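See below for the structure under consideration.
Read-outs throughout are calculated quantities, based only on the coordinates presented, and are distinct from any laboratory measurement. Note that the structure is a prediction, hence the values are computed from the model and not measured.
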Amino acid sequence: MLLRTLSALVLAPLVLLLLLRGEVLHLFVVFMVLIVGLLREWVRLRPAPFRFHLPLMILGGWLLLTTQYYGNLKLVVALLALVLAFMLGIGVFRYQAGRAESDWISFSLLGLVYCVLPLLLLMEIRVQEHGAWWLCYLTLVIWATDTGAYLVGKAIGSRKLIPRLSPGKTWEGLLGGLTLGAMAGLATLYGAGIWIGLYEGIAFSFALAVVSQLGDLAESLMKREADIKDSGQLIPGHGGLMDRLDSLLYSAPLLAIYLFGMGLGGH
């Protein structure tokens, strides 16, 4: 617990500094590094069938992020289709009876969608009006939800949420986390001067908190299936990048849908 707390105290200010003071280029560089780390942990969930598996995924992720960085987000879908076609081409030449090449291709493509596409959406949000504050808002909702769930669960948690998947989570902790997440989101929106109204602010912050918890549970599912405790050991007391970013990867698409769907995004 002490190691976990110390890591959070060191990393949290750095993350907020990057979001609020960093340029888009700084975020791009950080995300390029994150793609490497996330995809390395993704491959741990299912051993790579050949040694070029991970490098190809990383190159694909870098290509997608670079395309978005230069303002061509609309090309990402086409590039994903191209990456899929390339993987299928490799599968054609590598095919052997009894070896399921299509499983590897599906797993690889899912890895790009899960690990890379949310980062592209975060980059796109960053270049919008109030983009830095929207990213800060998302981050604080997630942190508050995790913190609230942990503290309330420890204090009064008794009814297990999904014990076969995540034995430590409780319904009381979930409710506490969602409440604190919604409050943190509302406070951030007000403090940042991007007020969207009381009821809408509460409702959307609550929705983000719900999705962030679903992201945590989804990663627990993948780790259970892979029979591993943590996705990695990069962050002391926290595990790997996927362990720390699972909620962000899940909730980033919801924030993007909200901003662009409601017309709140704009350069």
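Per residue of the chain, the DSSP helices (runs of n ≥ 4 H) give a summed -39500 (n - 2.57) that works out to -26000 deg cm²/dmol at 222 nm. Helix 198-226 sits at what angle to the longest principal axis of the chain, using alpha carbons and giving 0 to 90 degrees rounded to 10? Computed tilt is about 40 degrees. Helix 76-94 and the long axis of the chain differ in direction by around 40°, with both axes built from C-alpha atoms. Within the stretch 86-168, the ratio Rg/Rh, alpha carbon atoms throughout and Rh by Kirkwood, equals 1.21. Only aspartates and glutamates eight or more places from Lys229 in sequence, or on another chain, were considered; those with a Cα closer than 17 Å are Glu41, Asp216, Glu219, Asp243, Asp246.
Checking (i) 1.18; (ii) 1.04; (iii) 1.13 against the coordinates, the calculated Cα Rg over 2.2 N^0.38 Å falls under label (ii). When you restrict to C-alpha pairs under 8 Å that are six or more residues apart and normalise by the size of the stretch 56-193, the relative contact order lands at 19 percent. Please identify, among Leu65, Leu16, Leu38, the residue showing maximal mean-square fluctuation in a Gaussian network model of the chain using a 10 angstrom Cα cutoff. Highest fluctuation of the listed residues: Leu16.
Cα axis of helix 241-261 to longest principal axis of the chain: angle in degrees, 0 to 90, nearest 10? The angle comes out near 80 degrees.
With the Cα gyration tensor of the stretch 32-183 giving a ≥ b ≥ c as the square roots of its eigenvalues, does the rule (a/c under 1.5 for rounded; else a/b larger than b/c for prolate; else oblate) give rounded, prolate or oblate? It is oblate, given that a/c is not under 1.5 and a/b is not larger than b/c. Remark: relative contact order (the chain) = 21 percent; criterion is Cα-Cα distance under 8 angstrom and separation of 6 or more residues.
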